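Worksheet: the structure to be examined is printed underneath.
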Amino acid sequence: MMQQEKTDIKSMNLTELTAWVEALGEKKFRAKQIYEWLHKKQASSFEEMTNLPKSLIEKLREQCVLVSLKKEAVQISKLDGTRKYLFALSDGNVIESVLMRYKHGNSVCISSQVGCRMGCRFCASTLDGLVRGLAPSEMLDQIYQIGKDIGERISNVVVMGTGEPMDNFENLLKFIELLTDENGLNISQRNLTVSTCGIVPKMRELAEKKLAITLALSLHASNQKKRKELMPVANRYEIGEVVEACRYYFAQTGRRVTFEYSLVAGVNDTAEDARELAALIHGMNCHVNLIPVNPIKERNYRQPDAHAVLAFKNKLEKYGINVTIRREMGRDIDGACGQLRKRYMADAGE
């Protein structure tokens, strides 16, 4: 007889949990108690739920899995207090998350998948391909564990770690619902940013949900030819189509779109690139985030010097584009996506 798969209790919203608890023959109010233990008190075991009867705890243990990530490693930057976490999942996979401390509060960058299949040339996360998408509970628990670790509130969340969120769409939506639920952490949708490399149909679907989250597009090139060289996803969705989806997102939500642009020396950092980029996104309510690329030893990309970065920024401003240079956080601790996990897997002899 096949063992029935256990219920991932932390991935259920309150309505689903209530129906599930009632189906167990329990009183409705128990669902609210359990939900509070999961999302407010962030219990890591059913035994901690002290106001539940023993019989119910027994049922929970038999029928449910309570996702609680194990902290495998933490690197703390001596430069700015950025913390990079490596968490172990119950199936032996590992994922990375980053805590960045800003004046306006604590921001956590989470992973949405184990590995990634998008193949962007300048990213270490994708070198070993995609293993699987993360459950909503596994996305949430990265934030819960980091909040517990530092004993402070997390106010901002960025889904910009390993993985392509739009490639794990249903789980992403459920994660957003749970994260922003007033019965849980209650983080405002406005304090949540989701990054994509440009899966157009999902971007449009997200726009139609009319959420108040910020959409960030990894653009990284000013024309289709260069984008194809850097990002294989461009073979499926043409650059104009992707930018059009961003315009649609703004039209549906009224939320300004962010364009992430990794500057690679001699590849996409010329004056001509700046001119083309400005023409591409002209007249749009948007913001460009310039990121001097993190060198990865597996590829031969170099970071432009500070002068070239500034010249690119000035060019864009001259064309009337709203632009900032991303402050580098945790540069001394494998700051870029996928680097810590990659090293861990190499050490484990995988």
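Brief remarks on what is shown
- If only residues of the range 177-207 that are under 25 Å from Lys32 (Cβ atoms) and free of Cβ contacts under 8 Å to residues at least 12 places away in the same chain are counted, the one that is surrounded by the fewest Cβ atoms within 10 Å (Cβ to Cβ) is Glu182.
- In the range 65-104, the residue that is surrounded by the most Cβ atoms within 10 Å (Cβ to Cβ) out of those that are assigned to a strand (DSSP E or B), aliphatic (A, V, I, L, M) and touching a helix residue (DSSP H, G or I) at 6+ places or on another chain (Cβ under 6 Å) is Leu99.
- Scan the range 244-277 for residues that are surrounded by 20 or more Cβ atoms within 10 Å (Cβ to Cβ), at pLDDT 95 or above and aliphatic (A, V, I, L, M) and the total you get is 4.
- Residue in the range 138-156 that is of a type in the set (Ser, Thr, Tyr) and surrounded by fewer than 19 Cβ atoms within 10 Å (Cβ to Cβ) present: yes
- Filtering the range 110-122 to residues that are assigned to a strand (DSSP E or B) and in contact with an Asp or Glu (Cβ under 6 Å, 6 or more places away or on another chain) leaves only Gly115.
- Filtered residues of the range 36-63 (kept if under 21 Å from Glu5 (Cβ atoms) and part of a helix (DSSP H, G or I)): Leu38, Phe46, Leu56, Ile57, Glu58, Lys59, Leu60, Arg61, Glu62, Gln63
- Filter pass, Leu17 being outside the structural domain of Lys174 (by TED's automatic domain parsing), assigned to a helix (DSSP H, G or I) and more than 27 Å from Ile154 (Cα to Cα): no
- Hey, Ser111 closer than 30 Å to Arg227 by Cα and among the hydroxyl-bearing types (Ser, Thr, Tyr) or not: yes
- Verdict on Ser107 being touching a strand residue (DSSP E or B) at 6+ places or on another chain (Cβ under 6 Å) and in a helix (DSSP H, G or I): no
- When the range 40-62 is filtered for residues that are touching a residue at least 24 places away in the same chain (Cβ under 8 Å) and surrounded by 14 or more Cβ atoms within 10 Å (Cβ to Cβ), the ones remaining, listed by number, are Gln42, Ser44, Leu56, Lys59, Leu60.
- Number of the exception - Asn300 against (1) over 30 Å from Arg343 (Cα atoms); (2) exposed (fewer than 15 other Cβ atoms within 10 Å of the Cβ): (1)
- Arg275 meets all of the listed conditions (1) without any contact (Cβ under 8 Å) to a residue 60 or more places away in the chain; (2) within 13 Å of Ala216 (Cα to Cα); (3) not hydrophobic (A, V, I, L, M, F, W, C) but one, namely (2).
- Residue check for Asn168: assigned by TED's automatic domain parsing to the domain that holds Arg341 and either within 19 Å of Ile291 (Cα to Cα) or part of a helix (DSSP H, G or I) (or both): yes
- Only residues that are outside any helix (DSSP H, G or I), in contact (Cβ under 8 Å) with a residue 60 or more places away in the chain and under 16 Å from Thr196 (Cα atoms) were counted across the range 228-272, and they come to 4.
- Some residue of the range 2-24 being touching a strand residue (DSSP E or B) at 6+ places or on another chain (Cβ under 6 Å) and either crowded, with 17+ Cβ neighbours inside 10 Å or within 16 Å of Leu178 (Cα to Cα) (or both): yes
Matching residues to (1) among the hydrophobic types (A, V, I, L, M, F, W, C); (2) within 16 Å of Gly147 (Cβ to Cβ); (3) at pLDDT 95 or above; (4) not assigned by TED's automatic domain parsing to the domain that holds Glu138:
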residue: Lys71; (1), (2), (3), (4): no, yes, yes, yes
residue: Gly92; (1), (2), (3), (4): no, no, no, no
residue: Tyr102; (1), (2), (3), (4): no, yes, no, no
residue: Asn106; (1), (2), (3), (4): no, yes, yes, no
residue: Ser111; (1), (2), (3), (4): no, no, yes, no
residue: Gly115; (1), (2), (3), (4): no, no, no, no
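- Taking the range 22-39 as the range and being touching a residue at least 24 places away in the same chain (Cβ under 8 Å) and among the aliphatic types (A, V, I, L, M) as the test, the residues that pass are Leu24, Ile34, Leu38.
- Which numbered condition Lys318 misses (of (1) more than 20 Å from Thr126 (Cα to Cα); (2) modelled with pLDDT under 95): (2)
- A count restricted to the range 9-48 and to residues that are among the basic types (Lys, Arg) and touching a Lys or Arg at 6+ places or on another chain (Cβ under 7 Å) stands at 0.
The values are calculated or read from the model by the stated rules, or taken from the named source; none is laboratory data. Computed from a prediction, not measured in an experiment: that's the story for all the values here. No Cβ is skipped: glycine too gets one built from the backbone with ideal geometry, and neighbour counts run over all protein chains shown.
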